[in-house]
Amino acid sequence: MMEGIIYRYRAGIPWRDLPEVFGPWQTVWKRHRRFSGDGTWNGILARLLAQADAVGKIDWEVSVDSTVASTRDESSARHRGPCRITRIFWKSLLIMPLAGPAVV
């Protein structure tokens, strides 16, 4: 199952295109969904990072980008309502570091 989940993300394919060698795609998807919901993936990532850091395979050097993105007034949330989140917010989430010590 784990290999199927990893293969799907590395290949960038839809779940339905997962090769049959990994089993039924529905089963692999359900396992991934369960692991995502109960925090299993977070635990696996934390253990892998700890092991890699212990043997010196992780360099915690962080690069900070000071680019500022601006939009026109028409694209702001006040014109569309308070529930809409702009693309700039989602893009900023994608470039944030996932883990590591703070840089002073």
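The values are calculated or read from the model by the stated rules, or taken from the named source; none is laboratory data. Computed from a predicted structure; not experimentally measured. Every residue, glycine as well, gets a Cβ built from its backbone with ideal geometry; the counts of neighbours run over all protein chains shown. When the accessible area is computed, the model is the full protein with side chains, heavy atoms only, and any ligands, DNA or RNA have been set aside. Shrake-Rupley method; radii C 1.70, N 1.55, O 1.52, S 1.80 Å.
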*What are the residue pairs meeting all of these: first residue in region 1-22, first residue open to solvent by 100 Å² or more (accessible area, probe 1.4 Å), second residue assigned to a helix (DSSP H, G or I) and of a type in the set (Phe, Trp, Tyr), Cβ atoms under 7 Å, and 6 or more apart or on different chains?*
GLU3/PHE22; ARG16/TRP25
*Quickly run through region 32-63 and pick out the residues that are at pLDDT 90 or above and at positive phi.*
GLY39
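With respect to TRP29, is the statement that it is in a helix (DSSP H, G or I) and either at pLDDT 90 or above or among the β-branched types (Val, Ile, Thr) (or both) true? Break it down stepwise before answering.
Values: in a helix (DSSP H, G or I): yes; either at pLDDT 90 or above or among the β-branched types (Val, Ile, Thr) (or both): yes.
Yes: the conditions hold for TRP29.
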*asked:* Could you list, ordered by first residue, the pairs with Cβ atoms under 7 Å in which the first is in region 42-58 and farther than 19 Å from MET2 by Cβ and in contact (Cβ under 8 Å) with a residue 60 or more places away in the chain and the second is assigned to a loop (DSSP other than H, G, I, E, B) and open to solvent by less than 60 Å² (accessible area, probe 1.4 Å), at least 6 apart or interchain?
replied: none
